[in-house]
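The values are calculated or read from the model by the stated rules, or taken from the named source; none is laboratory data. A quick note: this is a predicted structure, and the numbers were derived from the prediction, not measured. Reconstructed Cβ throughout: ideal geometry from the backbone, glycine too, with neighbour counts over all protein chains shown.
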Amino acid sequence: MSTALCEGVWRCTFGAAENASPVRFFGKYDAAALEDGGALLPFKHEHITWRLTQRGCVIELPMKNDEDFYGFGLQFHSINHRGRRRFMKVNSDPVTDTGESHAPVPFYVSSAGYGVLVDTFRYVTFFLGTNGAKGSSKNIAKPVKVHEEFSEQALYALKQARNERRVLIETPNCKGVDLYFFEGPSMLDAVRRYNLFSGGGCLPPLWGLGNWYRAYGGSDQQHVLKMAEDFRRDSIPVDVIGLEPGWHSHSYSCTYAWNKSLFPEPDALLGTLKQQNYHVNLWEHVFVHPLSELYGQLESSAGDYEVWGGLVPDLADKKAGDIFSEFHGKNFIDHGVSGFKADECDNSDFNKSNWSFPDLSSFPSGLDGEQMHSALGMLYQRTIEKAFRDRGLRTLGQVRSSWALAAGSPFVLYSDLYDHRQFIRALVNSGFSGLLWSPEVRSCKDTEDFIRRLQSVVFSPQSLLNCWRIPNPPWYQVDIEKNLAGERMDESGEITAIAASLLKLRMKLLPYLYTAFRRYHTEGLPPVRALVLDYPKDGRTHSIDDQYILGDSLLVAPVFWGQNSRTVFLPEGDWYDFWTHEKINGGRAISYDAPLDRIPVFIKSGSILPLAEPVQYVDAETLFSMTIFCFGVGGKNFTLYEDDGTSLAYEEGKYNTVVLSAGASGGNSGKGAVSRTGTEKPRYNIREWKYIV
Ligand code: GAL
């Protein structure tokens, strides 16, 4: 860990903290002691109390009765956690609102303008104002007026606490813990400090922001090649092709070796796909099958229980991590593979018997099963990323579990859950805790469901179709049974055309999104944000969990199956309709008609939105032909980010910035100014300026 101090981040140590913790494992910075600073926090060191109990460590923090709490990782069921208990346990099947998730993160931000990280891999529980201390209600207790107040809400409304409440944090099975405090003054500042403290958000390779298509799990080499050819022939833009478990000779647990009867010539497959400018992503999980070459090398550095008959390598042990990492480098990355889908690392021992290791497991590095469940997703991501970094390459992968300090990890979360509404809530929530999430499209109940989901996914961090159970592209047939039977419904080509236009729209957004990720990296600004982060002063934004800000200036309001209009809250200021460019006054909720080919998207007045001519894929030569839209009079500057898109050279300063200035006058024939700094090969050719006033 470097000794650099991270500005506005303060540490508080309670008792004897454990050696295994997110900051100790993944941290890049030290923080100074809270006693020595924290002027922007609404409370001081001495207002925090702690004690050890038989169960572990309990910390109490002050809170105001009207304080709202956000974060706790990838939450599907609620956004504002005031008055709730949040249980940070990695769970692959988070169907109820307990706080459990694929990626619970023991970090929250408060509407009072600060953030708190509990630096632990333990299953920590937060009580966010749920319980007052004994006696605290004595002086304010009033008899309930039964007739007036008899409703469930009135009976159970303890969350609207009237007496003094505290945030209670219980970290079990330990003798102490470190807390980190992140100053505001706003919630967004606290989130940004958290992301920067994590090392800054990840900068994915440019191709990673294109469209992803995961092929049918029963595919063979020929099927994959045919599909790849079809996409190019039909001008369906796809950058990444994913192979699902079938590519392994044994997949649950994994051999990490090609199934030669389905894929007889893997190098030829990878070579052909590369020529067609596809990137290949391989599915796997971390459990090592006895027939894998890795088994013997990892046997002495694994946990004491198997999963699916495979070893659980101890990735907290550097030697084991290096073996696992270099195996991937030599056998796959050096053969042209661009990334991995790190599946099943999300703890199912408590609802599916053999899907993970028990909490009582122990690992040679000293971690127990509870700690390993929390740490595994992050350890797995870092191990895989290392193999790419060692080769000077970037990657973007998928992962089904994460924990604290994940912002810098180039992995996007996904789930086997599939409720579209919950997927959007998870997307909104992901930005509070340094996570990336894809509301992936799989099989759908009908065309409408397919298009609504595809609309959301192209406006998300990862535009992903996961067709692992669907042999043919879903735009030909969305119904899984009929698709399996080879039935084609889209004879007219209408659905294919809508799908293709959405996938092209994604490609138009690429320079805009890439720039948003650059800001994530350098400024900690999440590419996807809940409205409350950008508009905290307007109480009407505080519980909005079905709209979000994407990048600098887009407000996205997905539509769900069965709707053809929806209410959209537009924060103060003027907004422009993305499709019609109609100007709409904000500071109010509007009703928006959303026919099937339209997802409500708005641009904030005063913004510059750079849109590219869609390309089929991104490669080293891609030069985007750009139209620069300036919305509203006196558009501000927008700084496009430009680099080689694949290597780590940007870390050495090899990148350009392209400042687009609309100028105050604008007008339909107006041209803005472009100023480029840096000597890298240009990626953007600014073709046209359009002023929308
Ligand atoms: C699941 C994963 C799916 C798919 C499947 C293959 O665990 O969430 O996306 O990859 O495994 O078995």
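General remarks:
- Boolean, V307 is in contact with a Cys (Cβ under 8 Å, 6 or more places away or on another chain) and hydrophobic (A, V, I, L, M, F, W, C): no
- So I236, is it within 16 Å of the ligand (Cβ to nearest atom), among the aliphatic types (A, V, I, L, M) and more than 24 Å from V105 (Cα to Cα): no
- Picking from residues in segment 425-459 that are among the acidic types (D, E) and in a helix (DSSP H, G or I), the one that is farthest from A406 (Cα to Cα) is E448.
- Output for segment 77-102, where each listed residue is of a type in the set (F, W, Y) and crowded, with 23+ Cβ neighbours inside 10 Å: none
- A612 being within 29 Å of R566 (Cβ to Cβ), surrounded by 16 or more Cβ atoms within 10 Å (Cβ to Cβ) and in contact with a helix residue (DSSP H, G or I) (Cβ under 7 Å, 6 or more places away or on another chain): yes
- Any hit, segment 448-459, residues being away from the ligand (no atom under 16 Å from the Cβ), under 26 Å from Y216 (Cβ atoms) and among the acidic types (D, E): yes
- All of A103, A112 fail the test of being of a type outside the set (D, E), within 16 Å of the ligand (Cβ to nearest atom) and within 23 Å of M187 (Cα to Cα), apart from A103.
- Leading residue by the ranking (farthest from M378 (Cα to Cα)) among those in segment 124-144 that are modelled with pLDDT of 95 or more and surrounded by fewer than 24 Cβ atoms within 10 Å (Cβ to Cβ): F127
- Criterion applied to I584, I599, I549, I544 was being β-branched (V, I, T), surrounded by 14 or more Cβ atoms within 10 Å (Cβ to Cβ) and more than 24 Å from the chain's Cα centre (by Cα), and the one residue passing it is I584.
- Enumeration of residues in segment 461-488 that are within 16 Å of the ligand (Cβ to nearest atom) and hydroxyl-bearing (S, T, Y): S463
- Annotation note: of S438, S443, the sole residue that is buried (at least 20 other Cβ atoms within 10 Å of the Cβ) and at pLDDT 95 or above is S438.
- For segment 329-341, the criterion of a residue being within 20 Å of V90 (Cβ to Cβ) and in contact (Cβ under 8 Å) with a residue 12 or more places away in the chain is satisfied by at least one position.
- For first residues located in segment 440-459 and under 14 Å from V601 (Cα atoms), partners that are polar (S, T, N, Q) and within 16 Å of the ligand (Cβ to nearest atom) and lie 6+ apart or on another chain with Cβ distances below 7 Å form the pairs V457/S438; V457/S463.
- Every residue from segment 65-96 that is among the aliphatic types (A, V, I, L, M), within 16 Å of the ligand (Cβ to nearest atom) and closer than 12 Å to R425 by Cα: L74
- Filtered residues of segment 279-304 (kept if in contact (Cβ under 8 Å) with a residue 40 or more places away in the chain, outside any helix (DSSP H, G or I), in contact with a helix residue (DSSP H, G or I) (Cβ under 6 Å, 6 or more places away or on another chain) and more than 16 Å from the ligand (Cβ to nearest atom)): H279
- Segments classed as strands (runs of 3 or more DSSP E), wholly inside segment 460-560, with at least 1 members that are closer than 20 Å to I628 by Cα: 548-550, 554-556
- Selected residue [within 16 Å of the ligand (Cβ to nearest atom) and closer than 22 Å to D552 by Cα] from V412, V441: V412
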